[in-house]
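Peer 1: Once you've had a glance at the structure underneath, I'll fire off some questions.
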């Protein structure tokens, strides 16, 4: 009996702590925000319209975004034309620059990747547009091709997370 009382006290204390933290805005719990009537999504191929084209970026980014939406939302991915939400976009920036100099020599380089995303809400007949950009640093001793190979997974993951958060979490 004493054990059950201790458990109930412990749970009550945890609930009070959770309510206190939430109500004081010390920590906010962010969640995916999708209207209840939205059930299907179509993610179109994200084209690469940047002056420099990394041929692997668009297919990998498109695939990773589709996977993330299916695994982390209740939406059903479809290729049909009569969808609730349609997501499309294009890579609009893929540029290379020097980011640090040491002893009159390049020390670090920066690869900047930008993506423009369009969310077409067919239910509300509303279009929202988002821009996402990320910088990826790499040592000047690496060629651009070497940097692309070593940064590929990080680029895809970071850009996918940023796009997802812009669309579904209003960040």
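Peer 1: Calculated FRET efficiency, residue 39 and residue 63, Cβ-Cβ r, R0 25 Å, to nearest 0.05?
Peer 2: Working: r = 22 Å, r/R0 = 0.87.
The pair residue 39/residue 63 has a calculated efficiency of 0.70.
Peer 1: Using only C-alpha atoms and all pairs of different ones, pull out the Kirkwood radius for the stretch 31-168 in Å with one decimal.
Peer 2: The answer is 16.1 Å.
Peer 1: Please work out the FRET efficiency for the pair residue 135 and residue 71, using the Cβ-Cβ distance as r and a Förster radius of 45 Å; give the result to the nearest 0.05. Provide the component values of the computation, followed by the final result.
Peer 2: Values: r = 27 Å, r/R0 = 0.60.
Efficiency computed from Cβ-Cβ geometry: 0.95.
Peer 1: For residue 49 and residue 154 in the same chain, what is the full-extension length gain: residue separation times 0.36 nm, less their Cα-Cα distance, in nm?
Peer 2: Stretched fully, the residue 49-residue 154 segment lengthens by 35.7 nm.
Peer 1: Taking 7 Å along the Cα-to-C-beta vector as the label spot, tell me the residue 161-residue 82 distance in nanometres, rounded to one decimal.
Peer 2: Label-label distance for residue 161 and residue 82, simple model: 3.9 nm.
Peer 1: Further question: What is the distance, in nm, between label points placed 7 Å from the Cα along the Cα-to-Cβ direction at residue 143 and at residue 112?
Peer 2: About 2.5 nm separates the two model spin labels.
Taken together, the values in this text are just the output of simple stated rules run on the coordinates, not laboratory data. Since the model is a prediction, treat every value here as computed from it, not as a measurement. Note: ideal-geometry Cβ built from the backbone for every residue, glycine included; neighbour counts use all protein chains shown.
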